[in-house]
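Asks: Take a look at this one; I'll ask things after.
The values are calculated or read from the model by the stated rules, or taken from the named source; none is laboratory data. Because the structure is a prediction, the values reported are computed rather than measured. Note that each Cβ is placed from the backbone with ideal geometry, even for glycine, and that neighbours are counted across all protein chains shown.
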Amino acid sequence: MEGHFILTSGRHSPTYFQCAKVLQYPEYLQKFSNEIVNHFQDIDIDIVITPAV
């Protein structure tokens, strides 16, 4: 979503993404995951750290 959001940290952001919404729809999750992979495929990534979902 785009707009003005105040995050849990108190920081402001012009965009917001709620991953729980994508996780509800496996067919969209697959497409979304593929887009992430394609975006980062040329980068040598050793580790990914995320908050618990």
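Asks: Against the condition modelled with pLDDT of 90 or more and touching a Leu at 6+ places or on another chain (Cβ under 9 Å), how does Ser13 come out, does it pass?
Replies: Considered against the rule, which asks whether it is modelled with pLDDT of 90 or more and touching a Leu at 6+ places or on another chain (Cβ under 9 Å), Ser13 comes out as yes.
Asks: Mind listing just one residue for me: the one in the chain that is basic (Lys, Arg) and surrounded by 10 or more Cβ atoms within 10 Å (Cβ to Cβ) and, of those, farthest from the chain's Cα centre (by Cα)?
Replies: Initially, the chain is screened for residues basic (Lys, Arg), giving 11, 21, 31.
Subset that is surrounded by 10 or more Cβ atoms within 10 Å (Cβ to Cβ): 21, 31.
On the way: Lys21: 11, Lys31: 13 Å.
Among residues in the chain that are basic (Lys, Arg) and surrounded by 10 or more Cβ atoms within 10 Å (Cβ to Cβ), the one farthest from the chain's Cα centre (by Cα) is Lys31.
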